[in-house]
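K.L.:
Below you'll find the structure I mean.
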Amino acid sequence: MVVNAIYNSLFTVLLWVGNEWLADHIHISWIEYPLKRLAVSAILTVVYTLAVIVGVRIGMAWFFYGTLPSDTLKDIGGDTVLVTLTLTIFISTFLHGRAFLFQWKESLLEAEQLKRAHLTAKYENLKTQVNPHFLFNSLNVLSNLVYKDQDQAVRFIKQLSNVYRYLLDMREQEVVSLETELEVLEITFRC
């Protein structure tokens, strides 16, 4: 009775821990190569389970009864192997399913991070495109003012300088208050 309890406990722990280790350490992506991962997982699970069946049976027989490995191998029946493999497949399915879900969740998070980085890059690119257009238009206005009203051209240059100082100061900030933006607009159109 005690020998059976030790045998079953050892057997269960080795199968559970070993298959969990296999599920976590097969470095083939479920997302990119699902069939290859499934095939490798199934083959490794069966080979590992058979090795545990034979190893535990031989080890227990030798340790407790002094039986030789060749005699022990004769006693391992097909029913034992079939039942053990069936149970292991259920355990392994759970463990590999868990590994798949973790990898799927990771890929979703990674995709979200890439999407966010892409949007940030597009936003930064848009910000750098707006400034040259604004400068070009401002210089056109200034060139017209120089010939018409030099005093107003000087005021315009000072205001333009203030606007660009503001743009440089606020460039790194993602969000600016509406009040601040309205003040800058007022300064810009005051000329």
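The values are calculated or read from the model by the stated rules, or taken from the named source; none is laboratory data. This is a predicted model, so every value here is computed, not measured. All Cβ positions, glycine included, derive from the backbone under ideal geometry; neighbour counts span all protein chains shown.
K.L.:
Could you please find all residues in the range 23-41 being at pLDDT 85 or above and either within 21 Å of residue 81 (Cα to Cα) or buried (at least 18 other Cβ atoms within 10 Å of the Cβ) (or both)?
P.N.:
Across the range 23-41, the qualifying residues are 37, 39, 40, 41.
K.L.:
Search the range 99-123 for residues that are touching a residue at least 24 places away in the same chain (Cβ under 8 Å) and pair each with any residue that is part of a helix (DSSP H, G or I) and among the acidic types (Asp, Glu) when their beta-carbon atoms are under 8 Å apart and the residues are at least 6 apart or on different chains.
P.N.:
Correct list of pairs: 99/24.
K.L.:
Here's a follow-up. Checking residue 73 against (1) at pLDDT 80 or above; (2) assigned to a helix (DSSP H, G or I); (3) in contact with a helix residue (DSSP H, G or I) (Cβ under 8 Å, 6 or more places away or on another chain), which test does it fail?
P.N.:
Just one mismatch for residue 73, condition (1).
K.L.:
Now for a different question. Quick one: what pairs do we get from the range 28-47, first residue under 12 Å from residue 89 (Cβ atoms), second of a type in the set (Val, Ile, Thr), C-beta under 7 Å, 6+ apart or different chains?
P.N.:
Here the result reads 41/26; 45/88, each pair linking the range 28-47 to a residue that is of a type in the set (Val, Ile, Thr).
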